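> The structure's right below; bear with me while I get my questions together.
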Amino acid sequence: MVKSLTTLAYTRGPRVQPRLKSMGSWIDSAFDFAFTSKYNPLYQSGTIASYCLTLVLLTGVYLVFLYRLSFPFESMLSIQNAVFFDRWIRALHRYASDLAAVAVCFHVLRLIIEGRTWGPRFLAWISGVIMLGILLFSAWTGYAMVWDRHGQRLVEAGARMFDRLPIFADPVSRAFLGGTNPGSSFFFMNLFAHVAIPLAMILVLWVHTSRLARSRWFPDSSTSIVLTIGLVLLSIVYSAPLDEPANLLRIGGHYTVDAFYTFWLPWALSASASLFIFMASIAFFALLLLVPFFWRPNEASRPGVAFNDVLRCEGCKQCVSDCPFDAISMVPRTVGTGSEFVAEVNSKLCVSCGICAGSCDQFSIGPADRKGRVQLEWVKGLKSKNQKDSVVVIQCGSNSGGFDAISSLSRFSSQPLVHLAVECTGALHAGFVTSVLANFRGVFIISCPTYACQFREGQLTLVDRLMFGREPTLPDRIDKKRIAVVAHTRAELPQIESRFKEFLAVLPLMGVEAESSAWAKSEVQKEGKSPNLVKSPRVVAPLSLVEKLKVVAFTSLALLATARLSQIQVGEAATESLVRLNFRIHGQNVKICEQRTQAELEKIPVHMRLAEPCQFRPVSYELVVEIDGKEQLRKALEPKGAKADRPIIVAEELLVSPGQRQVKVLITPRGLGADSVKSFSHQFEHAMRPGQAVLVTLDQSKQELDHFAP
């Protein structure tokens, strides 16, 4: 039997959030099974992302000295051929950036599911969205620098997107429809953006973590070492892909896309889809920026921030030291007598974790529903008959494993268990624990793993407070064998049960012989364990050989999956050829003069009389393209600009069947004065091959059309 009491007073998001949180809990459980809760990468996704970006920055500094702006692909090919060093450095640069994208995705999803986007976390969320945009743009420029087929397709898709915006007078895509590669200035621009933007990300990262006390930019040392070794080994045995060199006169063909950054590329190569993808990207980031405004609890269910009763405050500064969000500071006392300074809570920074409630020996600070005195009232609700032999199981409400474990743990005790769910175990006051131990046999606390705490340091603060003398401490008379703190999750239910059995085995009796204690002692002895004090989560037992093998196996699988998804082959061999027209006709004007009669002149003031007034009008053209004697295109060409003084841009593509083809291009002026303007014509015969593009250009020096084919 279990007697339950919950103090969970509010939800942290909209109604759909509990379902999402349940789904996220099962995903966490799967990773807990694979990596254990101590090394679950999902709990450190944010720090893993920043660590991977650090690896990207370090390897990028090395690679930039090997990159040549005049020969971008050739320099990448040289790096790829240097098997013993440069190749795996490039692969490490690539795979670390991919893993950073994966970590960022999980980090974003966790924050949304747990409702950590609004209020004091607003600045962190907005800066995080900005960093995501910087990351994607930096990846874009990096792939363009390689200038293989993937990079070419990416640049072409981006140019089409910009052409859909009413910003540039000339189409941007024209620069990538010619017969030669873009100049060094284009690759210098990409290199500058690829290097400068990530450096700016460091400043944004500082803003991102500026409201956190004792912020961490990197995961724990064990995770960092495993990640580094795994990425290096992966880079050595599984090199990053390099497609064929970019060729602006080739269409179709296979190329590689990165599922984490350029998954959208196959759909963006068409002009119609490019606008949709561009608008979808804008909508996606707009939605992310708006999340804090609609993904939040209503006014009635929002948590109350902590406040301090300055009349009781003794100015000990313990709450200032314990607050994980730097929301508490010491200010001069203005009310009452006592210490010169008192604690003050900044409501704009407080996330209502309640950790400060467990820090105050005078019960003066904390959220109204979790102050120390309120916690003492909880003890009255827990009391029942024969409670002296009962064990109180306290769990963090964010750890679903506690709810799963409570019914299982009741099987190991002959006395009913008393179950208490709290918002965060880090808010438990030492006085509350002392009061519980005065009325019950023991306290078994199921907290969240260290890096899974929604309030960052709740579990660590609790352990330090109960086990390692952090103020306010337990009285010396309290036997710490009657307290156990475990940090396991739903996937580690056997570990929770094992720790509970050990706890019962060493738990002192409270007056009557407890069958559960005798049974637990015998079970522990059967397993060959000594009934010692249950270790605190600060002293975590090393992983068993099986657990180590699982961590290595699943880490390898995760890294291999990341590498494989970063080099997916798409596209298909072209079956048609292409005739491409890409040139500009500089604006030409014709002089139009009008003869006036004597009668018309007499109506005009003397100083304005012109016998033959003239004006200049821009010339329009008509474009006709014939293939094998059949007309394939007829189009009017009008000068651009508000005054029609911009050059005429010709950018057309015609698909043709492979084979020997006769192509005729005719551009003739039309309108008044057309007879005085030169026309352009060009006719040629060419053996078209599948996937080949023939380029028709205008030689500006000769003012004649010409064609070019690879």
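The values are calculated or read from the model by the stated rules, or taken from the named source; none is laboratory data. Given the structure is predicted, the values throughout are model-derived calculations rather than measurements. Note: ideal-geometry Cβ built from the backbone for every residue, glycine included; neighbour counts use all protein chains shown.
> Within the stretch 293-303, can one find any residue that is in contact with a strand residue (DSSP E or B) (Cβ under 7 Å, 6 or more places away or on another chain) and more than 17 Å from residue 153 (Cα to Cα)? Before the answer, list the steps.
Going residue by residue through the stretch 293-303, those that are in contact with a strand residue (DSSP E or B) (Cβ under 7 Å, 6 or more places away or on another chain) are none.
Checking the stretch 293-303: not a single residue is in contact with a strand residue (DSSP E or B) (Cβ under 7 Å, 6 or more places away or on another chain) and more than 17 Å from residue 153 (Cα to Cα).
> Does residue 128 meet the test of being buried (at least 19 other Cβ atoms within 10 Å of the Cβ), closer than 25 Å to residue 266 by Cβ and touching a residue at least 24 places away in the same chain (Cβ under 8 Å)?
Details: buried (at least 19 other Cβ atoms within 10 Å of the Cβ): yes; closer than 25 Å to residue 266 by Cβ: no; touching a residue at least 24 places away in the same chain (Cβ under 8 Å): yes.
No.
> Let me ask something additional. Looking only at residues in the stretch 291-318 that are hydrophobic (A, V, I, L, M, F, W, C) and exposed (fewer than 12 other Cβ atoms within 10 Å of the Cβ), which one is nearest to residue 334 (Cα to Cα)?
We begin by selecting, within the stretch 291-318, every residue hydrophobic (A, V, I, L, M, F, W, C); these are 291, 293-295, 300, 305-307, 310-311, 313, 316.
Going one step further and asking which of them are exposed (fewer than 12 other Cβ atoms within 10 Å of the Cβ), we end up with 293-294, 300.
On the way: 293: 36, 294: 39, 300: 32 Å.
Here the residue is 300.
> Further question: From the residues in the stretch 265-311 that are in contact with a helix residue (DSSP H, G or I) (Cβ under 9 Å, 6 or more places away or on another chain), of a type in the set (S, T, N, Q) and outside any helix (DSSP H, G or I), which one is nearest to residue 113 (Cα to Cα)?
308
> Considering the stretch 10-49 alone, what residues qualify as being modelled with pLDDT under 80 and crowded, with 16+ Cβ neighbours inside 10 Å?
Of everything in the stretch 10-49, those that are modelled with pLDDT under 80 and crowded, with 16+ Cβ neighbours inside 10 Å turn out to be 11, 12, 13, 17.
> Check off (1) farther than 20 Å from residue 586 by Cβ; (2) surrounded by 17 or more Cβ atoms within 10 Å (Cβ to Cβ) for residue 653 and give me the number that stays unchecked.
Answer for residue 653: the failing condition is (2).
> Next question, about the same structure. Out of the residues in the stretch 50-101 that are closer than 20 Å to residue 233 by Cα and of a type in the set (Val, Ile, Thr), which is surrounded by the fewest Cβ atoms within 10 Å (Cβ to Cβ)?
My answer is 83.
Yes or no, residue by residue, for (1) at pLDDT 85 or above; (2) assigned by TED's automatic domain parsing to the domain that holds residue 393; (3) of a type in the set (Val, Ile, Thr):
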| position | (1), (2), (3) |
| --- | --- |
| 471 | yes, yes, no |
| 476 | no, yes, no |
| 486 | yes, yes, yes |
| 491 | yes, yes, no |
| 516 | no, yes, no |
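> I'd like to verify a number: residues in the stretch 692-709 that are outside any strand (DSSP E or B) and exposed (fewer than 13 other Cβ atoms within 10 Å of the Cβ), how many? Don't jump to the end; show me each part of the working.
Residues of the stretch 692-709 that are outside any strand (DSSP E or B), as a first pass: 700-703, 709.
Next, from what is left, pick out any that are exposed (fewer than 13 other Cβ atoms within 10 Å of the Cβ): 700-703.
Final tally of qualifying residues: 4.
> Being buried (at least 24 other Cβ atoms within 10 Å of the Cβ) and touching a strand residue (DSSP E or B) at 6+ places or on another chain (Cβ under 7 Å) narrows it down to one residue among 405, 421; which is it? Quick ask: steps written out before the conclusion?
Working: 421 fails: buried (at least 24 other Cβ atoms within 10 Å of the Cβ).
Result of the check over 405, 421: 405.
> Moving on. Could you tell me which numbered condition residue 479 fails, if it satisfies all but one of (1) out of contact with any strand residue (DSSP E or B) (no Cβ under 6 Å at 6 or more places or on another chain); (2) more than 29 Å from residue 25 (Cα to Cα); (3) charged (D, E, K, R); (4) touching a residue at least 60 places away in the same chain (Cβ under 8 Å)?
That leaves (4) as the condition not met.
> Being more than 17 Å from residue 197 (Cα to Cα) and either hydroxyl-bearing (Ser, Thr, Tyr) or in contact with a His (Cβ under 8 Å, 6 or more places away or on another chain) (or both) is the filter here, so list the residues in the stretch 63-85 that pass it.
Filtering the stretch 63-85 down to residues more than 17 Å from residue 197 (Cα to Cα) leaves 65-85.
Within the stretch 63-85, 67, 70, 75, 78 qualify.
> Among the residues of the stretch 188-225 satisfying the criterion of being touching an Asp or Glu at 6+ places or on another chain (Cβ under 8 Å) and of a type in the set (Lys, Arg), which is farthest from residue 138 (Cα to Cα)?
Filtering the stretch 188-225 for residues touching an Asp or Glu at 6+ places or on another chain (Cβ under 8 Å) gives 211-214.
Right, trim to of a type in the set (Lys, Arg) and you get 211, 214.
Working: 211: 26, 214: 29 Å.
Ranking the qualifying residues of the stretch 188-225, first place goes to 214.
> Considering only the stretch 175-198, state which residues are surrounded by 14 or more Cβ atoms within 10 Å (Cβ to Cβ), of a type in the set (Phe, Trp, Tyr) and under 14 Å from residue 68 (Cα atoms).
If the condition is that a residue be surrounded by 14 or more Cβ atoms within 10 Å (Cβ to Cβ), of a type in the set (Phe, Trp, Tyr) and under 14 Å from residue 68 (Cα atoms), then 186, 187 are the ones that fit.
> From the list 139, 124, exactly one residue is closer than 27 Å to residue 562 by Cβ, among the small types (Gly, Ala, Ser) and in contact with a Lys or Arg (Cβ under 8 Å, 6 or more places away or on another chain). Which is it? Can you show your working first?
Numbers: 139 fails: in contact with a Lys or Arg (Cβ under 8 Å, 6 or more places away or on another chain).
One residue alone meets the criteria, 124.
> While we're on this one: Can you say whether residue 469 is out of contact with any Asp or Glu (no Cβ under 6 Å at 6 or more places or on another chain) and in a helix (DSSP H, G or I), as far as the supplied structure shows? Outline the logic, then answer.
Values: out of contact with any Asp or Glu (no Cβ under 6 Å at 6 or more places or on another chain): yes; in a helix (DSSP H, G or I): no.
Considered against the rule, which asks whether it is out of contact with any Asp or Glu (no Cβ under 6 Å at 6 or more places or on another chain) and in a helix (DSSP H, G or I), residue 469 comes out as no.
> While we're here: Report, by residue number, each residue of the stretch 326-340 that is surrounded by fewer than 20 Cβ atoms within 10 Å (Cβ to Cβ) and closer than 24 Å to residue 465 by Cα. Outline the logic, then answer.
Narrowing the stretch 326-340 to residues surrounded by fewer than 20 Cβ atoms within 10 Å (Cβ to Cβ): 326, 329-340.
Matches in the stretch 326-340: 326, 329, 330, 339.
> Continuing with this model, one more query. Give me the pairs: first residue in the stretch 682-697 and under 17 Å from residue 652 (Cα atoms) and assigned by TED's automatic domain parsing to the domain that holds residue 667, second residue buried (at least 17 other Cβ atoms within 10 Å of the Cβ) and of a type in the set (Phe, Trp, Tyr), beta-carbon distance under 6 Å, and six or more apart or on different chains, which are they?
As it stands, the answer is 697/583, since those pairs meet every condition given.
> Select from the stretch 200-226 the residues that are among the aliphatic types (A, V, I, L, M) and touching a Leu at 6+ places or on another chain (Cβ under 8 Å) and list them in ascending order.
Initially, the stretch 200-226 is screened for residues among the aliphatic types (A, V, I, L, M), giving 200-205, 207, 212-213, 225-226.
Across the stretch 200-226, the qualifying residues are 201, 207.
> Can you tell me which condition residue 84 does not meet? The list is (1) out of contact with any Gly (no Cβ under 9 Å at 6 or more places or on another chain); (2) assigned to a helix (DSSP H, G or I); (3) not aliphatic (A, V, I, L, M), and all the others hold.
(2)
> Output the qualifying pairs, or none if there are none: Cβ atoms under 6 angstrom, residues six or more apart or on different chains, first residue in the stretch 287-315 and in contact (Cβ under 8 Å) with a residue 12 or more places away in the chain and over 15 Å from residue 353 (Cβ atoms), second residue among the aliphatic types (A, V, I, L, M) and surrounded by fewer than 15 Cβ atoms within 10 Å (Cβ to Cβ).
Close Cβ pairs (under 6 Å, with a partner that is among the aliphatic types (A, V, I, L, M) and surrounded by fewer than 15 Cβ atoms within 10 Å (Cβ to Cβ)) amount to 310/335.
> Take the residues in the stretch 557-609 that are in contact with a His (Cβ under 8 Å, 6 or more places away or on another chain) and at pLDDT below 85, then tell me which one is surrounded by the most Cβ atoms within 10 Å (Cβ to Cβ).
Residues of the stretch 557-609 that are in contact with a His (Cβ under 8 Å, 6 or more places away or on another chain), as a first pass: 569-573.
With the extra rule that they be at pLDDT below 85, the set shrinks to 571-573.
Values: 571: 17, 572: 8, 573: 9.
Looking at residues that are in contact with a His (Cβ under 8 Å, 6 or more places away or on another chain) and at pLDDT below 85, I get 571.
> Quick check, is residue 104 crowded, with 22+ Cβ neighbours inside 10 Å, among the β-branched types (Val, Ile, Thr) and closer than 24 Å to residue 457 by Cβ? Steps first, answer last, please.
On the way: crowded, with 22+ Cβ neighbours inside 10 Å: yes; among the β-branched types (Val, Ile, Thr): yes; closer than 24 Å to residue 457 by Cβ: yes.
Answer is yes for this residue.
> While we're here: Regarding the stretch 626-633, can at least one residue be identified that is in contact (Cβ under 8 Å) with a residue 40 or more places away in the chain and either closer than 16 Å to residue 698 by Cβ or within 46 Å of the chain's Cα centre (by Cα) (or both)?
no
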